[in-house]
1. Lysines near LYS167 by alpha-carbon distance under 28 Å, same-chain residues fewer than 8 away left out - which ones?
2. So what J values fall out for the stretch 110-125 if you push phi through Karplus, 6.51 cos²θ - 1.76 cosθ + 1.60 with θ = phi - 60°, rounded to Hz, Gly and Pro as x?
3. Ranked from highest to lowest mean number of other Cβ atoms within 10 Å per residue, what is the order of the peptides 65-73, 84-92?
4. Could you put GLU122, GLU156 in order, starting from the residue whose Cβ has the fewest other Cβ atoms within 10 Å?
5. Which net charge results for the neighbourhood of GLY157, defined as the other residues with beta-carbon distances under 13 angstrom from its beta-carbon, given Lys and Arg at +1 and Asp and Glu at -1?
6. Please enumerate, by chain and number, the lysines with C-alpha under 26 Å from the C-alpha of LYS105, excluding those fewer than 8 residues away in the same chain.
7. Would you please give the residues with an amide H less than 5 Å from that of VAL49, counting only those at least 5 places away or on a separate chain, with H modeled from the backbone geometry?
Amino acid sequence: MDRNHRSGTLLFGAALFALLWTASAQAVESDPEACPGGYAPAFRLNGKVANRSTYDFHTLSALSPTRQQVTYFAGGQGLVTTTYIGVPLADLLTQAVVQVDPAIKNDILRKYVAVTGSDCYEVIVSLAEVLSDFGGDSQIFVAFATGTGQPLAANEGMARLVVPGDKKGGRYVSNIVKITVRSAP
């Protein structure tokens, strides 16, 4: 096989791989079964952690909860003020034990958390925002109850990400199905 033929074969193979990868990614994103939406009774914490876990109402309520009143703008509702009970995301990540590479200076600061809802709505929170060493005074948490201790409304799911201090509720993910710790390249 001459050099030009091998090079052309490799380029064709790479192009075919890229085409198939793109098609499969689009199929997953457009598959309504992959993101059915609706009430999520539990979520999974996974990714770059030593202890992967699944949480439901009972496991979350057994942890040390926090109660916070938050105010934010919600699309179509205007200004919302409500109180939630939940578990600090930092506590969940401490139990999960985020994996860091000690050979990389401040590797913990390269990590981020992707929080995904049942409708595939996903937001990103940097790990630095969550850690008390770096984050501000507001404590990002996973709410599982209203301020009166009742479970969240059905449209919020069993668990909802709450980001105190955000002016808009865009990072308030309802019906959490997955919290994934990732590392920036």
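Where a number appears in this text, it was derived from the coordinates with a stated rule and is not lab data. The structure displayed is predicted, hence computed values, not measured ones. Neighbour counts are summed over all protein chains in view; Cβ atoms, including those assigned to glycine, are modelled from backbone coordinates with ideal geometry.
1. Leaving aside lysines fewer than 8 places away in the same chain, those within reach of LYS167 are LYS111, LYS178.
2. Working through the residues one at a time gives 8, 8, 9, 10, 9, 10, 10, x, 5, 8, 6, 5, 9, 10, 10, 10 Hz.
3. In decreasing order of mean packing, 65-73, 84-92 become 84-92, 65-73.
4. GLU122, GLU156
5. -1
6. Leaving aside lysines fewer than 8 places away in the same chain, those within reach of LYS105 are LYS48.
7. GLN99
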